[in-house]
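What follows is a set of notes on a single structure, which appears directly below.
The values are calculated or read from the model by the stated rules, or taken from the named source; none is laboratory data. Treat the numbers as computed from the prediction; the structure is a model and nothing was measured. Cβ atoms come from the backbone with ideal geometry, glycine included; neighbour counts cover every protein chain shown.
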Amino acid sequence: MKKILSALLLLCSLTLMAQENARFRKIDSLLSYLNNNNRFLGQISIREGDDVVFEKAYGLPTAKTDEQPNKNTKYKIGSITKTFTAVIIMQLVEEKRLKLDQTLSKFYPQIPNADKITINDLLRHRSGIVDYVNADSTTSMTTPISKKEMLSKIAAYKPLFTPNTKAEYSNSNYYLLGCILEDITKTSYKNNLKTRIVDKLKLKNTYIVDNVDTKRNETLSYIYKDEKWEAVPEWNMTIPFSAGSITSTANDLTMVVRSIFSGKLLKPTSVDEMTQLKESYGIGLVTFPFGERKFFGHTGGIEGYKSVVGYYPSEKLGISLIVNGDNYNRNDIMIGILSIYYKMPYSFPNLKTVKVDEKILKSYEGTYSSKDIPLKINIKTEKGQIIAQATGQGAFPLNAVSQTEFVFDPGGVNISFGEKTMLLKQGGMEILFTKE
């Protein structure tokens with residue numbers, strides 16, 4: 001009897017393993033499908049607890065085998081750097097070397113409203129300070145700039161709003177936080193990153209570099225243009241500094257978010273503070289909903305790189321996707337990955353695209369309603385693409401597969417236009433809409 005029971009348990013275990021492997025094979029198939037069709041270059045890591053259960057990198061389809069990236073290939077992560085900066089600031093708070101309610105005037109009184117802007121305001125993007133990256137055309141992304149010059153530039157901006165009255169994302173906030181932590185610790189941001197996070201977690205692939213060096217297994221970012229991938233010019237890393245200058249891997253990023261929530265970097269009270277949201281912003285963290293789940297993490301974008309890392313505490317699940325070849329919506333890729341991971345219905349996107357004349361697209365614009373459901377759908381055209389938005393929902397782009405048929409693959413939406421009509425198909429339903 002014991003032998004039979006053992007055999008049954010072994011069979012169940014093997015069945016579960018096969019199902020798990022099937023999930024990851026399908027995720028790999030999705031990313032390979034996008035990669036082979038020149039829609040995606042990048043790297044993924046999925047971590048359950050402390051264990052990486054899936055990891056892979058996808059390079060230029062035309063590259064030789066020995067030129068392909070791997071799990072240790074490094075990418076610039078852009079604004080995910082802000083999560084690292086926030087962790088260091090919270091460590092200084094725990095060490096009682098800094099207070100969240102301390103004002104900016106103690107460090108940089110020349111900044112407008114410095115006596116009203118707190119460290120907490122900077123961390124949560126509630127300072128009203130203009131974002132130097134998007135503020136004007138005088139900030140060159142390729143020309144080095146000293147901290148003194150950047151501080152003068154930030155001080156010259158007129159405030160957008162009274163501190164702590166609203167939230168608006170600004171790289172200036174985290175640039176200033178980097179300067180402040182250097183002032184307090186009397187050492188560089190680069191050294192703080194190494195001693196306070198990298199060495200503690202024994203990370204081997206996270207650091208700050210000026211330029212990509214393939215000899216260090218780093219990779220450039222690319223844009224798909226004229227049916228080929230072209231390298232994107234690099235920024236000078238004095239520009240993003242503590243707001244976006246870190247280079248890392250997907251595995252290291254899932255390790256960092258796991259370590260934040262497991263107490264390896266901060267006390268639970270600090271993590272609780274970081275995850276308290278005000279107008280969508282926590283401290284170095286934002287949230288990403290997926291169904292009923294709420295992931296904590298951050299996104300990043302620099303040069304041609306786009307990255308995301310998220311952590312779902314109740315399942316101890318960490319996931320990171322770094323894109324260095326941007327020719328498909330990163331959010332749509334993540335929806336596909338998570339749908340497959342959670343065994344939800346998901347069909348691979350139809351990458352067939354048909355060119356539709358602008359006049360035809362414009363003829364479809366308008367508001368459509370149906371007698372069958374109390375929902376209206378607005379159709380408009382932006383940059384040669386149809387954008388649809390249902391009442392009370394977010395807008396989504398439609399991909400043309402014929403002159404009259406358009407799809408939104410992540411949502412399983414198919415829309416066909418007729419003479420002042422629109423037929424929507426989704427989840428086995430067909431609903432006819434009429435243009436008002």
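Summary of values
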read-out: Criterion (assigned by TED's automatic domain parsing to the domain that holds Ser262 and without any contact (Cβ under 8 Å) to a residue 24 or more places away in the chain) met by exactly one of Val323, Val286, Val308; value: Val286
read-out: Pick from the range 412-436, criterion charged (D, E, K, R) and assigned to a strand (DSSP E or B), ranking: surrounded by the fewest Cβ atoms within 10 Å (Cβ to Cβ); value: Glu430
read-out: Hits in the range 328-354 (condition: modelled with pLDDT of 90 or more, over 23 Å from Gly304 (Cα atoms) and of a type in the set (D, E, K, R)); value: Lys343
read-out: Counted residues, the range 353-365 - those being buried (at least 16 other Cβ atoms within 10 Å of the Cβ) and over 32 Å from the mean Cα position of the chain (by Cα); value: 1
read-out: Long-range neighbours under 7 Å by Cβ, at least six apart or interchain, first residue more than 20 Å from Ala243 (Cα to Cα) within the range 87-107, second assigned to a loop (DSSP other than H, G, I, E, B) and among the basic types (Lys, Arg); value: Glu94/Lys267
read-out: Residue count, the range 144-157 (criterion: part of a helix (DSSP H, G or I) and over 18 Å from Trp235 (Cα atoms)); value: 7
read-out: Subset of the range 96-113 (residues that are closer than 15 Å to Tyr175 by Cβ and not in a helix (DSSP H, G or I)); value: Phe107, Tyr108, Gln110, Ile111
read-out: Filter pass, Lys71 being touching a residue at least 24 places away in the same chain (Cβ under 8 Å) and either touching an Asp or Glu at 6+ places or on another chain (Cβ under 6 Å) or of a type in the set (D, E, K, R) (or both); value: yes
read-out: Those residues of the range 409-428 which are within 20 Å of Glu358 (Cβ to Cβ) and in contact (Cβ under 8 Å) with a residue 12 or more places away in the chain, in sequence order; value: Ile415, Ser416, Phe417, Gly418, Lys420, Met422
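Every residue, every condition in (1) in a loop (DSSP other than H, G, I, E, B); (2) under 25 Å from the mean Cα position of the chain (by Cα), yes or no:
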residue: Pro159; (1), (2): yes, no
residue: Ile184; (1), (2): no, no
residue: Pro233; (1), (2): yes, yes
residue: Thr238; (1), (2): yes, yes
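Yes/no per residue for (1) surrounded by 12 or more Cβ atoms within 10 Å (Cβ to Cβ); (2) of a type outside the set (Val, Ile, Thr); (3) touching an Asp or Glu at 6+ places or on another chain (Cβ under 7 Å); (4) within 23 Å of Tyr224 (Cα to Cα):
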position	(1), (2), (3), (4)
Asn329	yes, yes, no, yes
Ile333	yes, no, no, yes
Lys376	yes, yes, no, no
Lys383	no, yes, no, yes
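Yes/no matrix, rows are residues, columns are (1) in contact (Cβ under 8 Å) with a residue 60 or more places away in the chain; (2) under 20 Å from Leu98 (Cβ atoms); (3) assigned by TED's automatic domain parsing to the domain that holds Ile129; (4) among the hydrophobic types (A, V, I, L, M, F, W, C):
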{"position": "Thr165", "(1), (2), (3), (4)": "no, no, yes, no"}
{"position": "Asn191", "(1), (2), (3), (4)": "no, yes, yes, no"}
{"position": "Asp213", "(1), (2), (3), (4)": "no, no, yes, no"}
{"position": "Lys225", "(1), (2), (3), (4)": "no, no, yes, no"}
{"position": "Trp229", "(1), (2), (3), (4)": "yes, no, yes, yes"}
